[in-house]
1. Restricting to region 654-690, what's the tally of residues that are over 30 Å from residue 306 (Cα atoms) and surrounded by 17 or more Cβ atoms within 10 Å (Cβ to Cβ)?
2. Check whether at least one residue in region 50-59 is over 22 Å from residue 413 (Cβ atoms), touching a Leu at 6+ places or on another chain (Cβ under 6 Å) and at pLDDT 95 or above, and report yes or no.
3. Which of the residues that make up region 31-63 are assigned to a loop (DSSP other than H, G, I, E, B), more than 30 Å from residue 488 (Cβ to Cβ) and touching a residue at least 24 places away in the same chain (Cβ under 8 Å)?
4. Filter region 64-86 down to the residues that are without any contact (Cβ under 8 Å) to a residue 40 or more places away in the chain and within 31 Å of the chain's Cα centre (by Cα) and list them by number.
5. Has region 489-504 got at least one residue that is part of a helix (DSSP H, G or I) and either among the aromatic types (Phe, Trp, Tyr) or surrounded by 24 or more Cβ atoms within 10 Å (Cβ to Cβ) (or both)?
6. Within region 84-131, can you find the residues that are part of a loop (DSSP other than H, G, I, E, B) and of a type in the set (Gly, Ala, Ser)?
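The values are calculated or read from the model by the stated rules, or taken from the named source; none is laboratory data. Please read these numbers as outputs of a predicted model, since none were measured by experiment. Cβ coordinates were reconstructed from backbone atoms using ideal geometry, including for glycine residues, and neighbour counts include every protein chain displayed.
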Amino acid sequence: MVNLLNGEDGRVLQLTFTGLEGGIFRIFIDDPTKRRHSVPEALDGEPETVPISVQYTANEINVSSGSVSAVLYSKPFKANIYNEGVLINEINSQGKLVFKSEADDEAIALDFVFPNAQRAYGIPLHAERLSLRTTGVGGLNPYRLFNVDHCCYAVDSQDPLYGAIPVLYAHSTSVSSGIFWLTASQTFVDITNGGNYVGAHIISESGVIDLFILPGPTLAASARQYTKITGTAPLPPYFAIAHHQSRYSYRSQRDLLNVVEEFDNHDFPVDVMWLDIDYTDAYKYFTWNYIRFPQPEIMQQTLNETGRKLVVIIDPHVKVEEGYFVYDTANANGYFVKNPDGSNFEGYCWPGLSSYWDFNNPHALSWYSSLYSLENFPHSTDVMFIWNDMNEPSVFDQDEQTMPNYLVHYDGWLHRDVHNMYGFMQTKGTWDGLMARMNYQQRPFILTRSHFAGSQRFTALWTGDNLATWEHLKVSFSMCLSEALAGMSFCGADIGGFVNDVETELLERWYQAGAWLPFYRQHSTTNINRREPYLYSEEVQVIFRKALNARYAHLPYWYTIWFEHERYGDPVIRPITYHYAQDPNVLDIDDQWLLGKDILIHPVIQAGAQTVTVYFPGGANEYWFDLEHSRAYLGTGYTTISVTRDFTPVFYRGGSIIARKDTPRASSALTHQDPFSIYIFLDSNNQAVGNLYCDDNQSFDYRSKKYIYYQFTYSNNVFSGRSIDEDADFNCLSTIGNVHVYSLSGTVRRVDMNKLDINVNSKFEIPLL
């Protein structure tokens with residue numbers, strides 16, 4: 001710990017410099033004379049510290065931990081960060097450190113320069129491209145991090161949206177690093193792209209300076225360092241990565257069950273049905289409208305019998321109504337956010353006049369969690385899961401449709417201090433409630449709109465109230481890629497757009513593209529034409545069905561990547577530059593992406609398109625296989641490819657092995673005992689490798705080694721497999737049914753090995769026929 005002296009007013013701040021595992025440095029600056037807000041909840045536990053070497057000279061302090069080092073200069077204060085001797089970050093080199101301590105001004109600020117960086121990524125959520133643009137010129141405002149209910153948002157905008165994750169990456173073809181700026185107050189980020197450097201200037205409304213240096217040296221390493229601090233998403237239940245069907249609203253039990261019946265009648269798979277606010281009694285959460293939904297438990301049981309689940313919405317506003325048990329108990333115990341005079345803050349949302357949970361109050365949060373119990377939530381069951389919406393929080397009659405900054409939370413914190421973590425705290429409470437309801441045995445599923453750093457430990461997200469436009473289809477890719485780099489892989493956009501009727505071609509393309517984003521849900525607002533897939537002509541249904549079946553066929557691969565995300569910290573979907581960092585041509589690509597490292601997707605995002613231009617990375621020795629047309633492409637750059645209405649450009653990397661389940665089923669639960677189809681795509685050396693993960697699809701038993709994590713290899717015309725974790729064990733019910741081998745020898749050839757009765761937990765070798 002060292003003191004920082006303000007030369008203008010003589011105030012002394014305390015700076016603590018800590019080394020963490022993985023070469024991460026933490027810089028913490030606080031005012032010892034005044035209490036200021038910090039955000040330990042965002043961290044996945046207190047990070048483990050490591051010893052650091054410290055050397056003092058007259059004007060500087062030299063700190064090192066492994067390959068990462070820092071030099072702290074005294075007059076004026078600045079810090080330079082090095083990795084393997086390469087300068088990666090200059091902190092306060094422009095002298096913009098601010099740490100205000102006035103009663104009405106607690107602003108903090110700091111500047112950063114990343115030498116040799118070429119692009120900046122991160123700081124979601126904005127409806128913006130992957131590569132952040134230079135602000136302050138051309139009318140571009142600073143990127144604003146301030147969770148807000150912003151329906152029908154503009155594309156290519158720095159305006160704030162529903163989430164705020166203050167992690168920033170500076171990336172280049174030679175070196176990458178990042179910073180995590182941990183504060184929950186409103187934050188502005190100015191970006192400068194200088195050609196051979198990236199600059200950032202960060203200003204927040206209040207809090208301490210709690211800064212984590214992510215030293216890289218690659219984008220992948222920096223992203224893993226971030227999830228080392230804030231956590232990874234737990235492995236989702238299998239149904240959650242399948243297809244979800246929603247609208248605002250299914251207004252009756254009969255309507256919802258009829259939709260499921262029609263899905264079955266028309267051979268469309270679906271795993272989850274959703275209920276928006278109209279299932280409640282007058283928008284009072286934890287109640288049911290028994291006129292519209294007379295038998296909620298029977299409804300859920302009927303869904304479960306066909307392999308489906310139910311998700312219902314719970315928002316953070318509470319209707320002001322005496323006699324409503326949630327309001328009465330919360331009001332009596334002081335569980336609501338307060339006005340400065342100590343009275344309950346009241347604002348308008350869906351129920352009308354509402355009070356708002358104070359989730360920073362641990363007693364309020366605990367009682368809120370208890371409402372999810374089977375005893376407290378009438379007619380809920382273990383096949384019902386939760387959607388937290390409007391949790392920025394949204395307040396219809398206030399400026400920017402959210403809470404005023406001066407409101408008071410538990411322990412005297414102002415709303416300005418905690419604003420961006422409000423939704424985070426709700427989802428934490430929801431997670432705790434669902435975990436207790438299921439005796440800590442089954443994996444919850446939660447969807448949120450508002451989110452913050454660390455939200456990935458509790459919830460999936462969607463990109464909010466988008467529009468039925470081609471621009472909103474396209475921007476959903478970069479939005480979810482930015483979220484994935486910021487730890488939030490479980491991201492998707494409303495299929496077809498939430499607002500306005502959607503043209504048929506756009507809906508076709510959205511079903512096709514959405515099948516390759518982690519969260520796959522069709523959702524739309526009220527008072528527009530219904531768009532369940534069976535309502536369209538048979539010609540259109542064929543296109544929808546093909547996209548949905550492609551999603552379901554690849555669920556084993558999705559599930560394996562999700563397991564590896566929790567284990568290793570890599571995002572589930574990744575920008576091309578994540579794995580091809582030395583290629584300068586991919587730095588700005590965000591209309592195509594990688595699922596894991598082995599599947600390349602380039603959806604069609606223009607009306608009437610007959611071709612798309614795909615960038616194939618990796619060089620002349622990298623192959624990308626198009627299964628549908630039995631052809632392959634070299635990784636040598638841009639190629640124009642013809643597309644038809646029913647074709648989504650998807651390519652498999654040579655050298656990969658992909659496990660699929662190709663038999664169409666009505667829900668993912670019906671696929672669990674189906675055989676795996678193994679697809680082998682040989683590289684230039686006629687070799688391939690790939691992993692397959694299998695467990696019970698729903699419990700936490702996998703954390704007690706009850707799973708199979710298998711690696712397949714193909715080499716020297718022999719296909720073999722082994723357990724990666726030999727101390728893990730699980731009786732996977734699926735066998736291997738078919739093995740397809742694809743190689744490149746002028747044209748693609750395919751070899752089928754039919755109905756091989758081989759269980760995935762046995763060791764075997766198969767010569768190529």
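1. Counting residues in region 654-690 that are over 30 Å from residue 306 (Cα atoms) and surrounded by 17 or more Cβ atoms within 10 Å (Cβ to Cβ) gives 11.
2. There is no residue in region 50-59 that is over 22 Å from residue 413 (Cβ atoms), touching a Leu at 6+ places or on another chain (Cβ under 6 Å) and at pLDDT 95 or above.
3. Scanning region 31-63 gives 31, 33, 34, 51, 52.
4. The answer is 82, and nothing else.
5. The answer is no; no qualifying residue exists.
6. To start, the set of residues in region 84-131 that are part of a loop (DSSP other than H, G, I, E, B) comprises 84-85, 92-97, 100-101, 103-104, 106-107, 116-118, 123-131.
The answer is 85, 93, 95, 101, 103, 107, 117, 127, 131.
For (1) outside the structural domain of residue 534 (by TED's automatic domain parsing); (2) closer than 30 Å to residue 107 by Cα; (3) in contact with a helix residue (DSSP H, G or I) (Cβ under 8 Å, 6 or more places away or on another chain), each residue gets a yes or a no:
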site	(1), (2), (3)
190	yes, yes, no
197	yes, yes, no
212	yes, yes, yes
218	yes, no, no
243	no, no, yes
253	no, no, yes
261	no, no, no
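Yes/no matrix, rows are residues, columns are (1) touching a Gly at 6+ places or on another chain (Cβ under 9 Å); (2) among the aliphatic types (A, V, I, L, M); (3) modelled with pLDDT of 95 or more:
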{"site": "199", "(1), (2), (3)": "no, no, yes"}
{"site": "202", "(1), (2), (3)": "no, yes, yes"}
{"site": "217", "(1), (2), (3)": "no, no, yes"}
{"site": "222", "(1), (2), (3)": "yes, no, yes"}
{"site": "235", "(1), (2), (3)": "no, yes, yes"}
{"site": "247", "(1), (2), (3)": "no, no, yes"}
